[in-house]
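Colleague: Take this structure, written in structure tokens, and hold onto it; I'll ask about it next.
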Amino acid sequence: MSSLKEKIAEAISKHVSIEDTYTYDLKRTKSAFEVGTMSLEDFEEWTDENVEDLAETIVDALQPQLTPNQQIVLKWLKEEQTKNPELSIFGTLSVLFDESENRFMNLDVIDALYDLSNSQQAGVFQAFSQWDLGWRNECE
């Protein structure tokens, strides 16, 4: 299965390559149009790298914006998953709640976790799930 970034890049590539359509970057300021000195040499045709950059920007924009407490919990989840790659997502979440309940982790993480509302917890889970999908694809 393709990652979200790959799917977006494929869609952009398909869109900008329709029949005889091309996409270019302007290498001068737009005011050069008013002066009448613009030429084809002032443009650079898009490459796969431009498409990848745009796809990455779109993926970043789609990521949930997390509060500081959500970021603390997400960071812990990522570190735990990286240390124990054999764990499933639910296994890592289980470790989070077991260790926080038994106070086997940093108090900052515990405080951050318990300060999250249900919707904030869902945001962390969503961000962690998206990260995990990408991380597992990179590991394969």
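Colleague: Taking only segment 5-28 into account, find how many residues are more than 29 Å from Leu62 (Cα to Cα) and either surrounded by 11 or more Cβ atoms within 10 Å (Cβ to Cβ) or touching a residue at least 24 places away in the same chain (Cβ under 8 Å) (or both).
Modeller: Looking only at that region, the number is 1.
Colleague: Quick check on my filter: what residues within segment 40-79 are in contact (Cβ under 8 Å) with a residue 40 or more places away in the chain, of a type in the set (Val, Ile, Thr) and either over 30 Å from Gln120 (Cβ atoms) or assigned to a helix (DSSP H, G or I) (or both)?
Modeller: Val51, Ile58, Val59, Ile72, Val73
Colleague: State whether one or more residues within segment 90-105 are closer than 30 Å to Ile12 by Cβ and either assigned to a helix (DSSP H, G or I) or not assigned by TED's automatic domain parsing to the domain that holds Ala9 (or both).
Modeller: There is no residue in segment 90-105 that is closer than 30 Å to Ile12 by Cβ and either assigned to a helix (DSSP H, G or I) or not assigned by TED's automatic domain parsing to the domain that holds Ala9 (or both).
Colleague: Can you tell me which residues in segment 44-93 are within 24 Å of Ala112 (Cα to Cα) and among the β-branched types (Val, Ile, Thr)?
Modeller: Thr67, Ile72, Val73, Thr82, Ile89, Thr92
Colleague: Looking at Gly134 and the list (1) closer than 28 Å to Ala9 by Cβ; (2) modelled with pLDDT under 90; (3) not in a helix (DSSP H, G or I), which single condition is not satisfied?
Modeller: (3)
The values are calculated or read from the model by the stated rules, or taken from the named source; none is laboratory data. Since the model is a prediction, treat every value here as computed from it, not as a measurement. Don't worry about glycine lacking a Cβ; one is built from the backbone with ideal geometry, like all the others, and counts go over all protein chains shown.
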